[in-house]
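The values are calculated or read from the model by the stated rules, or taken from the named source; none is laboratory data. Remember, it's a predicted structure, so these values are computed and weren't measured experimentally. Neighbour counts run over all protein chains shown; Cβ positions are idealised from the backbone, glycine included. Remember, those area values only see protein heavy atoms, side chains included, never the ligands or the DNA or RNA. Shrake-Rupley method; radii C 1.70, N 1.55, O 1.52, S 1.80 Å.
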Amino acid sequence: ISEQANLDPVTANAHVKIVLPLSLAGKVTPLHVTFGGDIVGESAMEEEEDVGSSVHYELLASITHSISAY
């Protein structure tokens, strides 16, 4: 700590932004989704199944370099 006699303390806020090299990989299940049935408007849909097939996304984010290098 630097102590200087005639200076008042100053409080400051800092916003720190960290940028990391990331790799993003993903897969979706099922691989193929097809449409079958009649086309209806949003107001005609009464149940969740009326929207269509469920699609599951799985994403994996990885750091591609050593963090100590930054």
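Quick notes on this structure:
- Within the stretch 45-68, residues that are of a type in the set (D, E, K, R) have Cβ atoms under 8 Å from residues that are open to solvent by 70 Å² or more (accessible area, probe 1.4 Å) and outside any helix (DSSP H, G or I) in these pairs: D50/V40; E58/K27; E58/T29, counting only partners at least 6 apart in sequence or on another chain.
- The listed residues are T34, T11, and the only one of them that is β-branched (V, I, T), modelled with pLDDT of 85 or more and more than 27 Å from I63 (Cα to Cα) turns out to be T11.
- Subset tally (residues that are open to solvent by 80 Å² or more (accessible area, probe 1.4 Å) and within 14 Å of the chain's Cα centre (by Cα)) for the stretch 19-29: 2
- Filter pass, T29 being touching a residue at least 24 places away in the same chain (Cβ under 8 Å) and out of contact with any helix residue (DSSP H, G or I) (no Cβ under 6 Å at 6 or more places or on another chain): yes
- Selection within the stretch 30-70 - of a type in the set (S, T, N, Q) and over 30 Å from I18 (Cβ atoms): T34, S43, S53, S54
- Tallying residues that are surrounded by 10 or more Cβ atoms within 10 Å (Cβ to Cβ) and either touching a Pro at 6+ places or on another chain (Cβ under 7 Å) or not in a loop (DSSP other than H, G, I, E, B) (or both) within the stretch 30-60 yields 1.
- Flag for S23 being outside any loop (DSSP other than H, G, I, E, B) and either touching a Cys at 6+ places or on another chain (Cβ under 7 Å) or touching a residue at least 40 places away in the same chain (Cβ under 8 Å) (or both): yes
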